[in-house]
Structures are given as structure tokens and as C-alpha cells.
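The values are calculated or read from the model by the stated rules, or taken from the named source; none is laboratory data. Since the model is a prediction, treat every value here as computed from it, not as a measurement. Positions of Cβ are backbone-derived with ideal geometry, glycine not excepted, and every protein chain shown enters the neighbour counts. Heavy atoms of the whole protein, side chains included, go into the accessibility calculation; ligands, DNA and RNA do not. Shrake-Rupley method; radii C 1.70, N 1.55, O 1.52, S 1.80 Å.
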Amino acid sequence: MLSASTHADVLIRFGHALSDPTRARILLALSESPSYPAELATLLDVSRSKLSNHLSCLRGCGLVVAVPEGRRTRYELADPAIAHALRDLVELVLSVDPRYCKAAPIAGCC
């Protein structure tokens, strides 16, 4: 069983990963199916170097794993439970009060 501090660490890592739009999009893409960096870069319309930095972050957070395949590397979610958690999160309906979210990076959203 996980300790309370470990639970908090998991949430902090997951929150950090989701706090960046590119990392969130990578996780959502990988929740659909494993992929290769070139495919992800094209899908997300980001440079390979930017994608590489985000994949390194997600690996460091323990959310994705790199699977060597000959000269290529496939990326996938580290645990199927991550895909389940992402599905649960995107199905949430949030009531946002813009009076309290004026400094949000996305207009009208916290």
C-alpha cells in the first residue's frame, strides 16, 4: 500500500505533467496508442527537440516509458491506469468563475 506522502508525490508529478499543454497532449495521444517521436512531433505540430524535452520530463515523472525497437524507440504510458485517469479527468465538467481566474494562461480558464 502507498503511503500518504507517496500519494501526494504521484499527484504532484501528474499535475506537473498536465500543467504544460504539450505534455498534456502527449499523454492524451499516448493514451490512445503507443507512438514514435517523429509521429508525435507531426501529430502535435512541435519540433523534435521540444518533443524530446517533454518526453524526458514525462519519463522522469514516471508517466511514460521508452521501449527500444531496433534503431527506433516507441513511447507508451508507463501504466494502463494512467490512460484510465486521463479519461476520467477529461470527462469532468468544471464550473469556472472567471472573476477568480483573471491571470489564467488560457483565456477564461484557470
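Once divided by 2.2 N^0.38 Å, the Cα radius of gyration of the range 1-57 becomes 1.29. Relative to the dominant Cα principal axis of the chain, helix 48-60 is inclined by about 80°. Average accessible surface for the chain: 68 Å² per residue, computed with a 1.4 Å probe over protein heavy atoms with every protein chain in place. Helix 4-18 and the longest principal axis of the C-alpha atoms of the chain enclose an angle of approximately 80°. The spread of Cα positions in the chain, taken along each principal axis and listed from longest to shortest, comes to 52, 40, 22 Å.
The mean of 1/r over all pairs of different alpha-carbon atoms in the range 41-102, once inverted, gives a Kirkwood hydrodynamic radius of 14.3 Å. Summarising the amide proton neighbourhood of residue 74: residues at separation of 5 or more, or on other chains, whose placed amide H is nearer than 5 Å comprise 67, 69. For residue 79 and residue 25, the difference between the fully extended length at 0.36 nm per residue and the C-alpha to C-alpha distance is 17.7 nm.
Each of 52, 28, 11 was placed along the dipole of the chain (beta-carbon charges, centred on the mean Cα), and the one lying farthest toward the positive end is 52.
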